[in-house]
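Okay, so here's the structure we're looking at.
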Amino acid sequence: MKEAPRLKLAHLPTPLQLLSSVSEQAGRNVWVKRDDLTGFSVSGNKIRKLEYSLAKARSEGADVIVTCGGIQSNHCRATAILGAKLGFKVHLLLRGEEPEEIEGNLFLDQLAGAEISYFAKRYYHAHLDFLAEETCEKHRQAGEKPFFIPTGASDAVGVWGYVNAAEELKADFARLGIQPEHIISATGSGGTQAGLTVGTLLHDMPVLVTGYAVCDDEAWFVNKVDTDIRDWAEKYEIDVDLSRLKISVRDAYIGDGYAIAGKPIFETITKVFRSESLLLDPVYSGKAFYGMLCDIESQELHGSGDIVFVHTGGAFGLFAQRKEWLRHSIS
Ligand SMILES: Cc1ncc(COP(=O)(O)O)c(C=O)c1O
């Protein structure tokens, strides 16, 4: 096995807590892995992956980080803040028009001093590879050394973040004397799911990891997660039996599309906040949590054993959608 360079940036281990009110209503124990507490401004799942991506950038002598995502990308915000702290210049390629109001993650991107380029959605989707290369080339022409991190830091390097999180969960389970049947997380670019799926296999944990899709369908995620895992295993020469890999995706709760949440999602966010003081977001964790509750009720999440929900963060995205919450008039 080859060692991957790592920077220690996250507050780890994060707590694993029982959600007592949710568990009572669900009729089985539901735990939350508090990866929303990996930091404050740099909270959420991205920091675990960026510990590896930014270490690689540093080891290659890069001075500019180029990365990409939606206007309210948590990954871009985390990269902007960590990049600034580590002395990198950060250039973000954002999908969408520049909004009139600068809020949520976008405000923090600017507060951290990132350079931002905006691209119309269709153009971005059609030409992302070209845009990334063109931006890196501009930095090279300026005498800089760019390092590109793909969407969500979900690639062979980023897989390490949640392979380690799986090992951390194994220690949590042993300490608490529990043997959960399911691990649930939102899945957006697949890296968190890839790390958890292969990490639980590598660390011999008899638990099913299921990603709740927030954008693309099951086939897309199965392919993306499988590709990232195989790249990771090959690149780092990992001795793991990939024929035993089980990639589980639920794509029934995307609703009207990425970052569009309906009333049930905002109701779930409200209910969980009031009963558990847990802040979910309408783009990722709220959608996945809602899906998990529906699937517990319908028995789609088989068995009666414990369930662990990995809270991947995203709170700043909720602030950017406060008007949507108001529009749904939830009392
Ligand atoms: C808050 C939050 N949760 C979950 C995800 C999904 O994680 P991944 O991109 O690793 O699939 C993301 C990013 O896409 C995110 O920002």
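Secondary structure note: in the chain, about 10% of the DSSP beta bridges are antiparallel. Computed over neighbours whose Cβ is under 11 Å from that of residue 116, the net charge equals -3, Lys and Arg +1, Asp and Glu -1. Extension gain, residue 126 to residue 142: 0.36 nm times the residue separation minus the Cα-Cα distance gives 3.1 nm. With only the Cα atoms considered, region 177-331 has a convex hull volume of 126 Å³ per residue. Comparing mean-square fluctuations of 41, 285, 21 from a GNM of the chain with C-alpha springs under 10 Å, the top value falls on 21. The protection proxy used here, the mean number of other Cβ atoms lying within 10 Å of each residue, ranks peptides 242-250, 313-321 as follows, highest first: 313-321, 242-250. Charges were assigned to the Cβ only: +1 to each Lys and Arg, -1 to each Asp and Glu. The resulting dipole of region 220-324 about its Cα centre is roughly 480 debye. The local environment of residue 170, defined by Cβ-Cβ distances under 13 Å, has a net charge of -2 under the rule Lys, Arg +1 and Asp, Glu -1.
Distance cut-off 30 Å, Cα to Cα: go down the list 145/235; 56/138; 85/138; 33/56; 49/89; 145/287 and report the pairs above it.
Numbers: 145/235 23 Å; 56/138 21 Å; 85/138 23 Å; 33/56 27 Å; 49/89 19 Å; 145/287 38 Å.
In this structure, 145/287 lie more than 30 Å apart at Cα.
Under the combined filter of DSSP loop state and at most 10 neighbouring Cβ atoms within 10 Å, region 6-111 retains these trypsin sites (Lys or Arg not before Pro): 8.
Within region 232-270, the GluC sites (Glu not before Pro) that combine a DSSP coil assignment with at most 11 other C-beta atoms in a 10 angstrom radius are 237. Using θ = phi - 60° in the Karplus curve 6.51 cos²θ - 1.76 cosθ + 1.60, the 3J(HN,Hα) couplings for region 72-78 round to 9, 5, 6, 5, 5, 4, 5 Hz; x is entered for Gly and Pro.
Here region 46-153 yields Rg over Rh of 0.94, to two decimals, using C-alpha coordinates and the Kirkwood radius. Stokes-Einstein diffusion for region 109-254, with the hydrodynamic radius set to the Kirkwood value over Cα pairs and evaluated at 25 °C in a medium of 0.890 mPa s, equals 144 µm²/s. For the chain, the spherically averaged projection of the C-alpha convex hull amounts to 16.3 nm².
Charges only on Cβ, +1 for Lys and Arg, -1 for Asp and Glu: so what's the dipole of region 46-153 about the Cα centre, in debye to the nearest 20?
Dipole magnitude for region 46-153 comes out near 480 debye.
Over the chain, DSSP H runs of length four or greater, each weighted -39,500 (n - 2.57), average out per residue to a 222 nm ellipticity of -14000 deg cm²/dmol. The local environment of residue 221, defined by Cβ-Cβ distances under 11 Å, has a net charge of -4 under the rule Lys, Arg +1 and Asp, Glu -1. Across region 21-92 the C-alpha pair distances fall into 5 Å bins from zero in the proportions 3, 15, 22, 20, 12, 8, 7, 5, 5, 3, 1 percent.
Values in this text are rule-based calculations from the coordinates and carry no lab data. Just so it is clear, the model here is predicted, and its values are computed rather than measured. For neighbour counting, all protein chains shown are included, and Cβ atoms are generated from backbone atoms with ideal geometry for every residue, glycine included.
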